[in-house]
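The values are calculated or read from the model by the stated rules, or taken from the named source; none is laboratory data. Here the structure is a predicted model, which is why all the values come from computation and not from measurement. Note: ideal-geometry Cβ built from the backbone for every residue, glycine included; neighbour counts use all protein chains shown. With ligands, DNA and RNA removed, areas are computed over all heavy atoms of the protein, side chains included. Shrake-Rupley method; radii C 1.70, N 1.55, O 1.52, S 1.80 Å.
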Amino acid sequence: MRASSWIPWVFVVLWSTGFTGAKLGLPYCGPFTFLAIRMALTLLCFAALLAVLRPAWPTLAQARRQWVSGGMLHGGYLGCLFAAIKLGVPAGLAALIMGMQPLLTALISWRLGEKRFRAIQWLGMALGLAGTALVIAGSKGVALAGGAGAAFVIAGLLLITGGTLYQRYRGGGAHPVAGAFHQYLSALAVTGALALLFERGVPVVWSGEFIFALGWSVTMLSVLAVLLLLRMLRDGDVSRVAAYLYLVPGLTAVQAWWLFDERLSPTAMGGIVLAAVGVALVLRGGDFRLPGRSRSGRS
């Protein structure tokens, strides 16, 4: 039985708030410190879930694989994303570029011989990349953030792609909740080390906005959205889940406009539409599956 029809839509809305939530909380805290606190609180939540559900504990080999994928997905990817937003990259633009991950994953799988594209899928790939280029060309955000902002966005895209591929190929076997616990444990180690290295002495301002952003990120994103993602991955194929992810940039752009007055030019808005069409062609042109199954979510 597939996931209930409301689950993907709730997931998309929640997932899209991750970018705007980051922008809401980062004026009061360093990006790595924010994430270290978030990971610590998320670990407490998953420890409570483990106490209630009592799933099988992963073997040391399984735990190590979760540490690797968690370090890349929750630690490295989110660390780069938060650093880019802290430097001034607009949340909507960051969401769109990071949202190209399923296309990049599909392209890598084709290069590895795991996937053959139809002509309509190659067209979709071209449209998706062209749409992304239009959004970047129509936004001054990356230019305003400087080279460091662009570098963090690109690094984040590579980390989430690499972490997803690693999780699909090597991350199976562990119970999803137990696996997520080990992923967040690794992410806490990564973000905590980065915070100590780069943000020692940077104060945390415990304002109402910061507490709200932190609480929302932990409960709605790291816990609820990840559990919904796990349910979707269990009940539906990977390509369908990836298709929903491409609704995220548009929702994020609307939220960023409403909350922070981030404005996208007509060129950038057209690029969002073009990218969405391209992705739909790629993902609807045939099932995209990699060997193995992903049993743990990200963000």
(request) Return a yes/no flag: does the range 131-147 have any residue that is modelled with pLDDT of 80 or more, farther than 24 Å from Arg168 by Cβ and small (Gly, Ala, Ser). (result) no
(request) Check off (1) of a type in the set (Phe, Trp, Tyr); (2) modelled with pLDDT of 80 or more; (3) open to solvent by less than 40 Å² (accessible area, probe 1.4 Å) for Phe198 and give me the number that stays unchecked. (result) (3)
(request) Identify all residues within the range 1-23 that are open to solvent by 40 Å² or more (accessible area, probe 1.4 Å) and at pLDDT 85 or above; write none if there are none. (result) Val10, Val13, Lys23
(request) State which residue is nearest to the chain's Cα centre (by Cα) when the search covers only the range 20-61 and only residues that are of a type in the set (Ser, Thr, Tyr) and part of a helix (DSSP H, G or I). (result) Thr20
(request) Go through the range 88-112 and give me each residue that's in a loop (DSSP other than H, G, I, E, B), out of contact with any Asp or Glu (no Cβ under 8 Å at 6 or more places or on another chain) and buried (at least 24 other Cβ atoms within 10 Å of the Cβ). (result) Val89, Gly99
(request) Quickly run through the range 233-253 and pick out the residues that are farther than 19 Å from Met100 by Cβ and at pLDDT 75 or above. (result) none
(message) So if I check each of Leu81, Leu87, Leu44, Leu93, which one is closer than 21 Å to Gln183 by Cβ and in contact (Cβ under 8 Å) with a residue 24 or more places away in the chain?
(response) Leu81
(request) Evaluate the following for Thr42: is it in contact with a Phe, Trp or Tyr (Cβ under 7 Å, 6 or more places away or on another chain) and hydroxyl-bearing (Ser, Thr, Tyr)? (result) yes
(request) Kindly list, by first and then second residue, each pair from a residue in the range 247-274 that is within 27 Å of Ala213 (Cα to Cα) and open to solvent by 60 Å² or more (accessible area, probe 1.4 Å) to a residue that is basic (Lys, Arg) and in a loop (DSSP other than H, G, I, E, B), limited to pairs with Cβ atoms under 7 Å and residues at least 6 apart or on different chains. (result) Trp257/Arg263
(message) Checking Pro31 against (1) buried (at least 24 other Cβ atoms within 10 Å of the Cβ); (2) within 27 Å of Gly173 (Cα to Cα), only one condition comes out false. Which one?
(response) (2)
(message) One residue is enough: does the range 67-87 have a residue meeting the conditions modelled with pLDDT under 90 and assigned to a loop (DSSP other than H, G, I, E, B)?
(response) yes
(request) Could you list, in sequence order, all residues of the range 150-173 that are outside any helix (DSSP H, G or I) and open to solvent by 10 Å² or more (accessible area, probe 1.4 Å)? (result) Gly172, Gly173
